[in-house]
1. Got at least one residue in the stretch 186-193 being closer than 30 Å to residue 229 by Cβ and surrounded by 14 or more Cβ atoms within 10 Å (Cβ to Cβ)?
2. Return the residue satisfying two criteria in turn: it lies in the stretch 259-307 and is out of contact with any helix residue (DSSP H, G or I) (no Cβ under 7 Å at 6 or more places or on another chain) and of a type in the set (S, T, N, Q), and of such residues it is nearest to residue 242 (Cα to Cα).
3. With the requirement that a residue be surrounded by fewer than 18 Cβ atoms within 10 Å (Cβ to Cβ) and not acidic (Asp, Glu), what does the stretch 108-138 give you?
4. Is it true that residue 171 is among the basic types (Lys, Arg) and more than 23 Å from residue 195 (Cα to Cα)?
5. Which residues, taken from the stretch 214-237, are without any contact (Cβ under 8 Å) to a residue 60 or more places away in the chain and surrounded by fewer than 20 Cβ atoms within 10 Å (Cβ to Cβ)?
6. For residue 156, state whether it is assigned by TED's automatic domain parsing to the domain that holds residue 102 and among the polar types (S, T, N, Q).
7. Collect the residues in the stretch 94-128 that are in a loop (DSSP other than H, G, I, E, B) and polar (S, T, N, Q), keeping them in residue-number order.
8. Among the numbered criteria (1) in contact with an Asp or Glu (Cβ under 8 Å, 6 or more places away or on another chain); (2) among the hydroxyl-bearing types (Ser, Thr, Tyr); (3) modelled with pLDDT under 95, which one does residue 210 miss?
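The values are calculated or read from the model by the stated rules, or taken from the named source; none is laboratory data. Owing to the predicted nature of the structure, the values given are computational and were not obtained by experimental measurement. Reconstructed Cβ throughout: ideal geometry from the backbone, glycine too, with neighbour counts over all protein chains shown.
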Amino acid sequence: MQVKHNRVLSVLLFGNDAFSTIVLDAVHLNSLNRCKYSYQRIVDKVEIVYSGFKNSKKSSSVLKYARNNGLVAHNYNDYSDMIPSNREFCDLRGAINVHPSLLPRWRGASPIQFALLHGDNVTGVTIADVLPDKYDRGRILMQESLKINDRETYIQLHNRLADLSSNLLLRALLDLANLHRKAQKQNERNVTYASKINQNMDWINWSEHSNKFINRMWRALGYQKGLKTTWRGTVVKLIDFCYLENYEANLSDINHTNMKHGFVKYDEDLNAIIIKCKDGLVAFRKVQFACRKVITALDFYNAYLTRIEESKRYFGAPGNRPT
C-alpha cells in the first residue's frame, strides 16, 4: 500500500485476496465518509493494483470489489514499475505493509494458517514499512495482538484479523509521519516463516500426528474441504471434525485396544467415525471419496466398514498413500 503524506491522503492498495478486500472496503468507505470506525475522513481517493490477467474467468476479490464500486484498477502485469523498488521511493511515497501476524513471527504467505497449526494462543496485526524486494521485513510502525479462540477456524480468525487490520491501518494513516519516525526494527532472532500452503500439508499421518495436532490441522486447513487420508489405497477426505471432550471415557474400548494407528470404528451415539491416532482418538462426521459426493459417517459404516472384518478397518495403512 502507498499513501501520499497530505492531510487527506490518496491510497494505492496492492492486493488480490479476500483479506485485502476487507481492508480495501474500510479504506474506500472512509473516503466516502462512511467508515464503520469512528475516525475522521482521512482518505480522499483510493485505487488498486491487482495481479493476474484482466480478462481471467477467476478475477481477484479485490478487482471485483473495485469494479463494483467504480474504483480505478491497475493490472500488476502491466504496472509492475509501480511496485516499490528502492528505499527512497518507499520513504517518499509512504509505502506500508499490513501483515496478519505479530512480526517477525510468521513472515511469509500463510501466517494465519501457521499460527493455528502451531497452536499459538495469540496472533495479531503488524503495520510495517516496506523494504525494497524484502516483504515482511520492514520496520514496525504499529502492532496489536489478538487472542485466538478455542476451536476457531481459519476463516473465523481470518475475518477477525482483517477487521483488526482495517481498524489499525486507518489509525496508522492518521499519524503516519510520526509512526515512521518512531519505527522499530524487527528482531531477527525471533523470526519464523509461514510458507505457502501446499497440497501435501493436509494429509493425516495416524502414527505421527496427535489428536491435538489433527484438530489444529482441521481448523487451519481442513475446515472447508476436509483432511486427507486413504481407505484401502483410495484417497478420502474426512470432513466435519467432531470434538470428543467429555466423551472419551465411552470410547475406552478403542483407546485401550491392541488395534494400531488408523483403526476406525463407527459410533452410533456421536454419529461419527472414531479413528485412533498417535496419542488418542479423533472423530469425523462425514467422508468424501475422490470425485464423489460427501457421505455421512453412518453411510460410510454401512457401505464400507461392514463389508470387511474389524481387524482390517484402517485408514492410511502404511504404503497405501498414493504418490
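1. yes
2. 296
3. Correct list: 108, 109, 118, 119, 121, 122, 131, 132, 134, 135.
4. When the stated conditions are applied, residue 171 passes them.
5. Within the stretch 214-237, 225, 234, 237 meet the criteria.
6. It is true that residue 156 is assigned by TED's automatic domain parsing to the domain that holds residue 102 and among the polar types (S, T, N, Q).
7. 101, 110, 121, listed by residue number.
8. Of (1) in contact with an Asp or Glu (Cβ under 8 Å, 6 or more places away or on another chain); (2) among the hydroxyl-bearing types (Ser, Thr, Tyr); (3) modelled with pLDDT under 95, only one is false for residue 210: (3).
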